[in-house]
Amino acid sequence: MTSFRLIAAAGQLPQDFFQNRAHKTCIQEQGTVCPGWALDHIGEWVTPTLQHIVLVAVPVACGFVVAFGMALLAHRRRWLVAPFLGVSDVLFTIPSFALFYILLPLTGLGRTTAIIALTAYTLVILFRNTYSGLSNVPEEVKDAGRGMGLTERQLLWRVELPLAVPEIIGGLRIATVSTVALATLAVFINGGGLGVKVYPDISFLTGVLTTGIILLALAFVLDVALVIAQRLATPWLRVAQSR
Amino acid sequence: MAIVSAPKDGERESAAEAAAVRYEHVTKRYPGQDRPAIQDLNLEVPAGDICVLVGPSGCGKTTAMRMVNRTVEITEGDILVGGTSVREREPAQLRREIGYVIQEVGLFPHRTVAANIATVPELLGWPRERREARVHELLDLVRLDQDFAGRYPAQLSGGQQQRVGVARALAADPRVMLMDEPFGAIDPITRDQLQNEFLRLQGEIRKTVLFVTHDIDEAIKMGDRVAVLKEGGRLAQYATPAELLMAPADDFVEDFVGADRALKRLALMRVRDIDLWEAPLAFVGQATGEVRAKLEGAEVPHALLVDSRRRPLGWLSERDLAGDLVPEHPDSSPEPVLDLDDVMRDALAELLRSGAQYAPVADGSGVVAGVLSIEIIAEFLKSPKALTEEHPAAERPRD
């Protein structure tokens with residue numbers, strides 16, 4: 001507990017950051033969960049939730065752009081696969097606090113550092129899935145495509161990428177849901193997000209539960225959105241299943 | 001339906017677009033391999049012909065075929081398509097002029113049948129209406145219902161997928177077709193059907209086709225000419241199916257063609273190609289004496305009762321001839337009645353199936369043309385003379 005208090009103290013937190021208890025007279029009396037209080041004070045969650053959405057959307061989008069580029073490169077030059085996997089694996093194994101510390105001297109406290117760290121964590125899954133999606137395109141489909149006179153570029157955009165969509169979106173789903181969870185740590189480097197409503201007062205059950213429900217809902221909504229996007233993008237899979 | 005086994009030189013007009021393919025001292029070496037996959041291959045495929053490349057696995061037949069559209073690069077030598085070197089062409093451009101059908105079909109799973117068929121027209125920038133009209137036309141050509149246009153490949157059976165594969169390869173009216181074991185992964189019944197349909201199709205479109213198979217029966221059935229390759233891509237023999245069966249160039253070819261090559265010859269000719277026995281005909285109400293006189297010198301022991309238009313009614317037994325006049329209803333039926341256009345192999349099968357030693361043969365309008373017997377076929381198989389005649393299109397299916 002002391003470690004994050006230290007980090008938090010290093011930033012410019014509002015004066016009442018740790019003073020939430022002052023508002024929860026209802027809780028003080030009952031000592032447990034009080035949904036009524038949470039509903040009354042739901043406005044307090046609006047800004048952290050919006051921040052949280054940014055902390056998910058921006059890293060996943062940036063991670064996708066980087067991983068997509070890496071996957072396309074590795075798809076053309078197979079020898080790049082091992083180093084790319086190695087780098088993204090190592091990034092993934094660095095504990096988040098350690099990564100924050102590494103980045104602090106470079107980017108300082110704040111949202112930028114959080115976004116860079118969260119982006120790094122999405123790379124593994126996004127690169128792996130995009131690359132394997134491209135690799136799993138059946139050889140005979142590529143052979144037929146080339147044999148009919150598709151150039152490598154046409155083959156990539158018209159055949160390989162469309163067929164990799166299910167795996168790419170599968171990667172985006174995992175990356176998105178895990179980033180929803182991971183982004184709560186942004187609070188420790190003053191990056192905002194829903195962590196603001198959890199860690200400074202982790203013993204405040206009503207607040208923690210309310211935040212948890214919002215996080216779950218966020219993860220669920222984003223996941224469903226991606227599932228719908230995939231279904232729209234891959235009509236051919238539905239007919240294959242319904243056969 | 002028109003008879004597909006049309007004279008080879010009579011249909012050259014529709015083959016105007018087809019291009020001859022010529023291998024000139026083609027050698028292919030793969031890096032890291034001592035022996036070349038193809039060695040000094042010389043081959044000329046006339047425009048509009050089906051040339052089957054056949055041989056055991058590892059003989060380089062697929063490699064030989066793939067060098068035509070440069071999906072495999074030539075190491076030495078050259079291949080000319082319509083007189084132009086493929087090495088001088090940009091590969092993607094070249095491939096759009098060459099139809100490509102592979103065993104695994106390789107349809108794009110994410111595109112509808114119509115979109116799959118329109119692949120090359122789309123690459124060539126055909127306007128939408130023209131593409132749609134072409135898809136419509138090709139579905140008809142490969143005998144798929146128009147409903148298939150909007151379906152995805154996963155909704156099709158293997159045979160239907162390969163029909164789409166053939167339609168897709170034909171979409172931009174290529175000058176040459178490359179077919180790599182196109183029916184190899186399909187069940188025997190459907191394969192036979194697809195082979196026949198392709199031959200029918202070829203009768204209409206007259207493309208230059210390079211067809212790869214490891215199956216000598218398929219090679220004999222499909223090929224106008226057959227190139228037998230041995231290991232190392234060396235050409236063992238390049239001949240018409242009839243020549244191949246009659247005079248294998250060496251032990252390798254003889255072995256590869258199989259011990260039953262005499263029987264295979266039967267698949268190459270039709271009943272009309274052989275000398276039939278004359279049928280001792282009898283008419284209702286004719287004096288039996290006349291009939292008996294006719295039977296004296298005949299090869300067939302019984303007289304064949306025919307109607308006034310000489311269509312067979314049945315065989316007359318001794319009892320039928322006991323009276324003065326030939327009766328209206330003979331003891332035995334004329335079945336099986338063979339057709340002049342039956343493939344010999346099928347005619348023999350029909351005889352064996354019915355247990356008959358001989359059967360009447362009728363022409364297209366049902367008029368008796370003669371009698372075919374197992375004895376005739378046996379004599380034919382014994383005499384090499386009959387085999388010197390070429391019957392290139394005998395197996396062509398007819399409707």
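Mind putting a number on the dipole of the stretch B:237-305 about its Cα centre? Charges go on the C-beta only, +1 for Lys and Arg and -1 for Asp and Glu, and I need it in Debye to the nearest 20.
In debye, rounded to 20, the stretch B:237-305 gives about 420.
When the inverse distances between all different Cα atoms of the stretch B:275-375 are averaged and flipped, the Kirkwood radius reads 13.6 angstrom. Convex hull volume per residue, computed on the Cα atoms of the stretch B:237-327, equals 123 Å³.
A simple rule links phi to the HN-Hα coupling: the Karplus curve 6.51 cos²θ - 1.76 cosθ + 1.60 with θ = phi - 60°, which for the stretch B:63-77 gives 4, 4, 5, 5, 6, 5, 9, 6, 6, 10, 7, 7, 7, 9, x Hz, with x for Gly and Pro.
Just to confirm a number: summing +1 for Lys and Arg and -1 for Asp and Glu over residues other than B:A298 whose beta-carbon lies under 12 angstrom from that of B:A298, what do you get? Could the numbers behind the result be given before it?
Working: positive: B:R292, B:K294; negative: B:E278, B:E296, B:E299.
Every neighbour counted, the sum reads -1.
Based on DSSP H segments of at least four residues, each scored -39500 (n - 2.57), the protein assembly as shown has a per-residue ellipticity at 222 nm of -14500 deg cm²/dmol.
Which entries of B:K61/B:K230; B:K28/B:K221; B:K230/B:K382 show an alpha-carbon separation above 20 angstrom in the structure shown? Correct reply: B:K28/B:K221; B:K230/B:K382. Of the residues B:V300, B:V101, B:L313, the one whose Cα sits farthest toward the positive end of the charge dipole of chain B, with +1 on the Cβ of Lys and Arg and -1 on the Cβ of Asp and Glu, is B:V101. Between A:S132 and A:E152, the FRET efficiency from the beta-carbon distance, with R0 = 22 Å, is close to 0.70.
Rounded to the nearest Hz, the phi-derived 3J(HN,Hα) couplings of the stretch A:162-174 under the Karplus curve 6.51 cos²θ - 1.76 cosθ + 1.60 (θ = phi - 60°) are x, 6, 8, 3, x, 6, 4, 5, x, x, 4, 5, 5, where x marks glycine and proline.
Normalised by 2.2 N^0.38 Å, where N is the number of residues, the alpha-carbon radius of gyration of the stretch B:1-160 equals 1.21. Report for the stretch B:165-251 the percent antiparallel among DSSP-assigned beta bridges with both residues inside it, nearest 5. Among the beta bridges of the stretch B:165-251, antiparallel pairing accounts for roughly 50 percent. Taking the fewest neighbouring Cβ atoms within 10 Å as the starting point, the ordered list for A:F204, B:F198 is A:F204, B:F198. When the Cα convex hull of the stretch B:142-215 is projected onto planes of every orientation, the mean area is 5.2 nm².
Ranking of B:Y238, A:Y101, B:Y152 by neighbouring Cβ atoms within 10 Å, starting from the fewest: A:Y101, B:Y238, B:Y152.
Report the net charge of residues surrounding B:V72, where surrounding means a beta-carbon distance below 15 angstrom and charges are Lys +1, Arg +1, Asp -1, Glu -1.
Values: positive: A:K142, A:R146, B:K28, B:R29, B:K61, B:R66, B:R70, B:R87, B:R89, B:R95; negative: A:E139, A:D143, B:E73, B:E76, B:D78, B:D180.
It works out to a net charge of +4.
The orientation-averaged shadow of the Cα convex hull for chain A, equal to a quarter of the hull surface, comes to 16.5 nm².
Using alpha carbons only, the radius of gyration of the stretch A:145-206 set against its Kirkwood radius gives Rg/Rh = 1.41. Estimated from the Cβ-Cβ distance and a Förster radius of 45 angstrom, the FRET efficiency linking A:W79 and B:D140 is about 0.35.
Taken together, the values in this text are just the output of simple stated rules run on the coordinates, not laboratory data. Computed from a predicted structure; not experimentally measured. Backbone-built Cβ (ideal geometry, glycine too); neighbour counts: all protein chains shown.
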